[in-house]
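One structure is given below, represented as structure tokens, and several questions about it will come after.
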Amino acid sequence: MLIYRTDNDSAEFAAKADCSDHEFKSVDTVVEDMYVSNGILAVNTTRHDGRYFNSEELAADDPHLNYACCETVLKLFDISKPESPKFITQIVQSGDYYTSRLIGNTEYIISTHYTSDFCDEAKTPYIVTDERENIDCSDISYMEDGITSDCTVICAIDITTGEVYETKAVYGITHDIYCTTDSIYLTNYDCLENDGTQIIKASINNSTLNFTAQTKIDGSILNQFSMNEKDGNLRVAVTDGNFLNENNILYILDENLNILGRSEDFGKGERIQSVCFIGNTAYVITYEQTDPLFAIDLSNPEAPEIKGEVEITGFSSQLVPVSETTLLGIGAESITDDDGFILKSGLKFALFDVSDPENPTVLDSIMLEDTYSHAQYEHKAITVNPQKGYIAIPISRESEKNSFGYDYSIITLTANDGKINITNTFDCQIPGNMPHVNDSRCVYINDYIYSVMDGTVGDSFYIK
């Protein structure tokens, strides 16, 4: 983990927080993500036990083995003095790291524990602080109609002290997670039977966890943004059905996950691409050949109503609210090839006016040919600066200027007065000798924006 100190137009390497596991020669550690809060650096990692990876015989007998011998490790550092980070402690929980949420000083870490007869460590979910402790049977729940012996592990940890408040597990593999300050919702789509999505609710109370409700609904959830909680009710947008026979539904569930109401089917023959909840309205993008945006009124939980829709070519895979009445869509254009197939192309921005839910309109759109961005499928690549009023994203363009075949840039754009304007394009140097750059990002500090590529802070640019 590299720490850089920024000084307006420059960023210099300051220190390294060592996240490797030197005591285990066979272990490969991967940094997944991190939090910085009140002088504490919390780094979430997955370590893979290499003792089992090269065993072709065992791998043939148990295809889950490579995943089973994984552990999630939270490493805590004191970075009150960034030039000299101090390791505080680490906490280990069984399973492959999936995701986490930070509420106050409590981090809720969620991992997927795969069981295996060939890996003794993987038979029972566990946690390691001073010593290994198996999770007590009373703290393990199960989803009705579960089809797997693998389970989801949730651990609540104080990142300032490393104290473990609570560890729970539930049998079933979690696919998507939605979290509020009071609840964590885990979802599991039964892709084998194609018979819907299981949802289980865990309540949060003073950093303690309790599974309180579960249900199953038709259809599959796209991602965490397909869910939203308001007034104790969970609103969920799903796509149901098979290819060419798809339809979409929005459910409203009460605090016990009983169905209060559901919308009529919408976007038939298309799949949900993005969802944005604002107050009592849901905005849903579906796509097959065109990009309809549906506005759905949720003010009556027992009867959600589709108020209006508007179509545009291509589709938006991300929706960003830019005001109370406008949404910016980030996605791709659609083109038809010589054989009549619909293909995705380029990077597209669309600005929607949703001031009248019964009559949403497209105010403006821009398409950048031969251009792509991580922001098209990763919301963390979208940087919003509300003080300066711009949105920044990293992009890559096909180019013959260098041997890599791509140029990398950061663009900033505004969406004002019904128009999308690209205000800056900053060309970035590719770090090292890399044929491609993964997980490119950009961050702003005061009046400067910095490029981050493959974990390296690169160029800085002044924003007027």
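Positive end of the dipole of the stretch 251-320, charges at C-beta (+1 Lys, Arg; -1 Asp, Glu), about the Cα centre: which of A303, I252, I285 has its Cα farthest in that direction?
I285
When a/c is below 1.5 the answer is rounded, else prolate if a/b is larger than b/c, else oblate, so apply that to the stretch 249-349 with a ≥ b ≥ c taken from the square roots of the Cα gyration tensor eigenvalues.
Taking the square roots of the gyration eigenvalues as a ≥ b ≥ c, the stretch 249-349 is prolate.
Leaving ligands, DNA and RNA out of it, report the carbon-plus-sulfur percent of the accessible area of the stretch 209-361 at a 1.4 Å probe.
41
How far apart, in nanometres, would the label points at K216 and I103 be if each is projected 7 angstrom from Cα along the Cα-to-Cβ direction?
Computed distance between label sites K216 and I103 equals 2.8 nm.
If you put +1 on each Lys and Arg Cβ and -1 on each Asp and Glu Cβ, how big is the dipole of the stretch 297-377 around its Cα centre, in Debye rounded to 20?
Here the stretch 297-377 has a charge dipole of around 280 debye.
Let me ask something additional. How high is the relative contact order of the stretch 71-119? Use alpha-carbon pairs under 8 Å, at least six apart in sequence, and give a whole percent.
Taking the mean separation of contacting Cα pairs over the length of the stretch 71-119, I get 30 percent.
Take the alpha carbon atoms of the stretch 79-96, find their center, do the same for the stretch 274-316, and report the distance between the two centers in whole angstrom.
42
Translational diffusion coefficient of the stretch 169-254 at 25 °C, 0.890 mPa s, Stokes-Einstein with Kirkwood Rh over Cα pairs, in µm²/s as a whole number.
Estimated via Stokes-Einstein, D reaches 184 µm²/s.
Just going by the charge dipole of the stretch 156-300, with Lys and Arg at +1 and Asp and Glu at -1 on Cβ, which of F225, T167, F266 is farthest out on the positive end?
My answer, from the dipole projection, is T167.
Pulled fully out, how much extra length does the chain show between T180 and T6, if you take 0.36 nm times their separation in residues and subtract their Cα-Cα distance?
Answer, rounded to one decimal: 59.3 nm.
Which of rounded, prolate, oblate describes the stretch 221-267, given a ≥ b ≥ c as roots of the alpha-carbon gyration tensor eigenvalues and a/c under 1.5 marking rounded, otherwise prolate only if a/b is larger than b/c?
Prolate, because a/c is 1.5 or more and a/b exceeds b/c.
What is the calculated FRET efficiency for T414 to K307, with r their C-beta to C-beta distance and R₀ = 25 Å, to the nearest 0.05?
The formula returns an efficiency of 0.35 here.
Residues of the stretch 124-139 with backbone nitrogen within less than 14 Å of a virtual label 7 Å along the Cα-to-Cβ line of T208, please, listed as ranges.
Within reach of a label on T208: 139.
Mind checking the full-extension length gain between I463 and N245? Use 0.36 nm per residue of separation minus the Cα-Cα distance, one decimal, nm.
Roughly 73.7 nm would be gained on extension.
Note the full-extension length gain between S355 and T89 as 0.36 nm times their separation in residues minus their Cα-Cα distance, in nm to one decimal.
90.7 nm
Given R₀ = 25 Å, FRET efficiency for Y35-D130 by Cβ-Cβ distance, to 0.05?
With a Förster radius of 25 Å, E is 0.60.
Over the stretch 201-263, what relative contact order in percent results from Cα pairs under 8 Å that are six or more residues apart?
24
What's the magnitude of the charge dipole for the stretch 365-429 around its Cα centre, counting Lys and Arg as +1 and Asp and Glu as -1 at the beta-carbon? Answer in Debye, nearest 20.
Using Cβ point charges on Lys, Arg, Asp and Glu, the stretch 365-429 gives about 300 debye.
The values are calculated or read from the model by the stated rules, or taken from the named source; none is laboratory data. What you are looking at is a predicted structure, and each value in this text was computed from that prediction instead of being measured. Cβ coordinates were reconstructed from backbone atoms using ideal geometry, including for glycine residues, and neighbour counts include every protein chain displayed. Heavy atoms of the whole protein, side chains included, go into the accessibility calculation; ligands, DNA and RNA do not. Shrake-Rupley method; radii C 1.70, N 1.55, O 1.52, S 1.80 Å.
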